[in-house]
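The next block holds one structure in the form of structure tokens; read it before the comments.
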Amino acid sequence: MPNPKRRHSQQRSAKRRTHYIAETVTLSKDTTTGEMHVRHRAHVSEGKLYYKGKLVAEKAPLKA
């Protein structure tokens, strides 16, 4: 297998990465609580954990 003779510079790597763009998150309205949340993620409302409009846990997990 051929190997590069010299290492690529940081500038060359940065040029390659300039085309990556962060996408905006998609929000949707929960059918049960009516709150806006990030799609495909569980969210906390009034101390309860919801996912896809259904109650998943009575007590929301503590953040570390």
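Tabulated data for the structure shown
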read-out: Integer Hz, Karplus 6.51/-1.76/1.60 couplings in order for segment 39-49, x for Gly and Pro; value: 5, 6, 9, 6, 9, 9, 9, 6, x, 10, 9
read-out: Cα centre as origin, Lys/Arg/Asp/Glu Cβ charges: the chain dipole, Debye; value: 820 debye
read-out: Read-out Cα extents along the principal axes in Å, derived from the coordinates shown; its label in (i) 60, 23, 23; (ii) 44, 27, 15; (iii) 61, 38, 11; value: (i)
read-out: Candidate residues Ser28, Ser9: accessible-area rank, largest first, probe 1.4 Å; value: Ser9, Ser28
read-out: Segment 45-64-segment 1-25 distance, computed between alpha-carbon centres (Å); value: 41 Å
read-out: Solvent-accessible area per residue for the chain (1.4 angstrom probe, square angstrom); value: 102 Å²
read-out: Neighbour-limited loop hits for chymotrypsin sites (Phe, Trp or Tyr not before Pro), the chain (at most 12 other Cβ within 10 Å; DSSP other than H, G, I, E, B); value: Tyr20
read-out: Of all accessible heavy-atom area on the chain, the percent that carbon and sulfur account for (1.4 Å); value: 53 percent
read-out: The chain, relative contact order [Cα under 8 Å, separation at least 6], %; value: 17 percent
read-out: Top positive-direction residue, dipole computed over the chain with Cβ charges, set Pro61, Ser13, Met36; value: Ser13
read-out: DSSP-defined antiparallel bridges as percent of all bridges, the chain, nearest 5; value: 100 percent
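The values are calculated or read from the model by the stated rules, or taken from the named source; none is laboratory data. Since this is a predicted model, take the numbers as computed values, not measurements. Note that each Cβ is placed from the backbone with ideal geometry, even for glycine, and that neighbours are counted across all protein chains shown. The protein model used for the area step is the full one, side chains on, heavy atoms only, and it has no ligands, DNA or RNA in it. Shrake-Rupley method; radii C 1.70, N 1.55, O 1.52, S 1.80 Å.
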